[in-house]
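The next block holds one structure in the form of structure tokens; read it before the comments.
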Number of protein chains: 2
Amino acid sequence: MGAMPVHTAKRIKMRFDSRLDKIKIYEAGKPIELVVREYGVSSDKIVKLASNENPYGCSPKAKKAVCDIVSNMAIYPDDSMYRLKQKLAGRFGVDESELIIGSGSDQVIELLMHAKASTGSKILINSVTFAMYEIYAAHVGAEVVRTATLHHDLDQFYDLYKVYNPSIIFICTPNNPTGDAIESQKLLEFLHKIDSETLVVIDGAYMEYAAAKDERYAVDAAQLIAEFDNLIYLGTLSKAYGLGGMRVGYGVAQSEIVTALYKLRAPFNITTLSLEAAIVALEDVEFVDQSIALNAEQMSRYESFADRHNIEYIYSYTNFITLLFQEPLNSSDIALSLLKEGMIVRDLSGYGLNAIRVTIGTSSDNDRFFDLFKRLL
Amino acid sequence: MGAMPVHTAKRIKMRFDSRLDKIKIYEAGKPIELVVREYGVSSDKIVKLASNENPYGCSPKAKKAVCDIVSNMAIYPDDSMYRLKQKLAGRFGVDESELIIGSGSDQVIELLMHAKASTGSKILINSVTFAMYEIYAAHVGAEVVRTATLHHDLDQFYDLYKVYNPSIIFICTPNNPTGDAIESQKLLEFLHKIDSETLVVIDGAYMEYAAAKDERYAVDAAQLIAEFDNLIYLGTLSKAYGLGGMRVGYGVAQSEIVTALYKLRAPFNITTLSLEAAIVALEDVEFVDQSIALNAEQMSRYESFADRHNIEYIYSYTNFITLLFQEPLNSSDIALSLLKEGMIVRDLSGYGLNAIRVTIGTSSDNDRFFDLFKRLL
């Protein structure tokens, strides 16, 4: 045989960075609502208590503001995010240079992972916690080190910190998907023991709920960043503010950290309508307070229900509750049975737990959950 | 002196990945509209012809659809992007597995840079082209190699390809910020000469304008990806579809490439309202066709104006025109003089050109531009 013809070179599969070999793709299939409808459930019967969205929607003022400027969909957003930063700076009592806005706080996690970690870096996280920490760690080839207990045990965090010298420590309080939180005093003691080269991320996505429930669990971002130059606090508009669909989150940190993250930020990372919605939602304190109050009321119904039926649960500082099962009850079977009735909840078997996470819905959503769930016991 | 007390360790500045040292931060200041108002221009006098937005806005049907579902701001978007992918697959005649949606086509560029390039990789681009290629290359520590001529010279591209063996080649047609385009036949000949290990990106952000103007410049994404397994075609809803503020772009490529990019994609990278707007905008072909026709009409006014005043310009296949100046005319001075009158255009001195880029506005926007500009000559 002679030389290979040039065009067969095309047959070689393109190689990508070797980090990608280890990444499992998240295969998003059809929307779950479509799946449920395949079980013969009509769309008005579907209740989704799976994504910790605000069941009361979002501020009516934000909705009006967005429709008022809907023609601006054609216009690029103000990339300085001037007005949004002013609002957030005012809310937290920090400087605008101490803020970075992300497409959800997710994107701030992505940015700090790319800024601080790389192949071989160690990332310290809780045994069960927000899944995106591990996913973004994989994106940069970093290795995840986990504690061994369900709840954040800061002594364990400290021991693992000493052994592994992680680039980043993630503390999620209140924690998702478990709902428990850390007393701010204990958090402070822990932070004092961490060296300034290790970035500590305090993810407060559900902090509004915890702060309203018990002030000992309230984390003050301004106080933390004044004291610690190795810390970033994350918050979101997706939960208490009811803007899950609009992708607005933020980080609060000393300006050196914010500057580093800004170097990797893509311009226009928030839509024009998202900016407007976020600004108005932050002003509508009444809506948020009411959402939190209603959540607390409905949460106590879940606690009573679980007590009455002898179901173990994790005391929650959030807008969801995690129900823990004992054999022969199986969380995957329970989630599937509920799904077939149009009730969508989150099975936590993927986290190694025989548990489901249920978003606290409206009163009628919860009635329906209790009704369906009772039949499975 | 004894041992240093532990807390002084806090004084050490946190180190980030060394790639960041080379990245200049894009310091977004106040919105330019605010700056213009500081010159005493009232807001209704400001005309922005700087960002190649669609001056006719976006589809009225898309606006209505977004307001109809504004309550869904609280709900996470369908992360499978089922309906949007169906629409795009239908439009291009490709499979849904051959599509990836980004927060603007920018984000697809970011993903492919992270998937294919890393420190030391070479990225081949045109001398003057879309600025984000270089910015995202810096994010991963890759080096940019540029051609020497204003227009895409594919022979030069090929010569540099042979010398530098780049990981990625960016072909922007029509090119931004110059407006010229490449005949699709010439592009095909070039593509046949590139090995399958080099990813070729065809950025068609303004392709709808070029395809309508002269079909010889129309690039058929389906045909390209059927033939080339090392190619990704990029498109956007930000230009002809008038959704610049909503951040929706896409890549079309063989599924192996799409799968690799999906591994690095953050979930929920498009907002709930952006998804809806994009789906409806893609259906409203009439709006897009009309925008393109009006653009062509107004473009010819710019060409006549430039000819009449003996100003050199680049023949444009887009919704903007680049005016080239000779000394003593200076593009920065001209842009500033226009700014003080409330007319915002893009000075291209940062690209090494004595030129401004003007977005083709509505008839009255353009009247105002001609009127103000004449006074500067």
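The values are calculated or read from the model by the stated rules, or taken from the named source; none is laboratory data. As the structure is a computational prediction, the values presented were derived from the model and not from experiment. Quick reminder, even Gly has a Cβ in these numbers, built from the backbone with ideal geometry, and neighbours come from all protein chains shown. Note: accessible area is taken over every heavy atom of the protein model, side chains too, but ligands, DNA and RNA are not part of it. Shrake-Rupley method; radii C 1.70, N 1.55, O 1.52, S 1.80 Å.
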Options A:Phe325, A:Phe268, B:Asn165, ranked by Cα towards positive dipole end of the protein assembly as shown, top entry (Cβ charges): B:Asn165
Extension gain, B:Arg375 back to B:Glu38 (0.36 nm per residue minus Cα-Cα distance, nm): 119.1 nm
Exceeding the 27 Å Cα-Cα cut-off - candidates A:Lys13/B:Lys162; A:Lys45/A:Lys374; A:Lys239/B:Lys61: A:Lys239/B:Lys61
Chain B Cβ-axis minimum, rotational copy A, residue and distance in Å: B:Cys67, 2
1.4 Å probe accessible area per residue over the protein assembly as shown, in Å²: 40
Heavy atoms of B:Arg146: accessible area, 1.4 Å probe, square angstrom to 10: 100
Estimated inter-spin distance, B:Ser363 and A:Ile25, nm [label 7 Å along Cα→Cβ]: 5.0
Label spacing, shortest first and in nm, from A:Ala131 to its equivalents in the remaining copies (7 angstrom along Cα→Cβ): 3.8
Sequence of A:Ser18, B:Ser304 when ordered by accessible area, the most exposed leading, probe 1.4 angstrom: A:Ser18, B:Ser304
Helical mean residue ellipticity (222 nm; -39500 (n - 2.57) per DSSP H run of 4+; nearest 500) of chain B: -12000 deg cm²/dmol
Nitroxide proxy distance, nm - points 7 Å out along Cα→Cβ at B:Arg15 and A:Leu188: 3.2
Copy-to-copy label separations for A:Ser300, where each label sits 7 Å from Cα toward Cβ, in nm and ascending: 7.4
Contact surface B-A: accessible area buried, both sides summed, square angstrom, 1.4 angstrom probe: 6900
For chain A: rounded, prolate or oblate by the Cα gyration tensor [a/c cutoff 1.5]: rounded
Residues B:Ser80 and B:Ala306, FRET efficiency given R0 of 35 Å [Cβ-Cβ distance, rounded to 0.05]: 0.15
FRET efficiency for A:Lys61 and B:Tyr164, using Cβ-Cβ distance with R0 set to 56 Å, rounded to 0.05: 0.55
FRET efficiency, A:Asp68 to A:Val144 (Cβ-Cβ, R0 41 Å, nearest 0.05): 0.40
Computed accessible area, B:Phe325, all protein chains, 1.4 angstrom probe, square angstrom: 10
Inter-copy separations for A:Arg15, label at 7 Å along Cα-Cβ, nm, ascending: 2.9
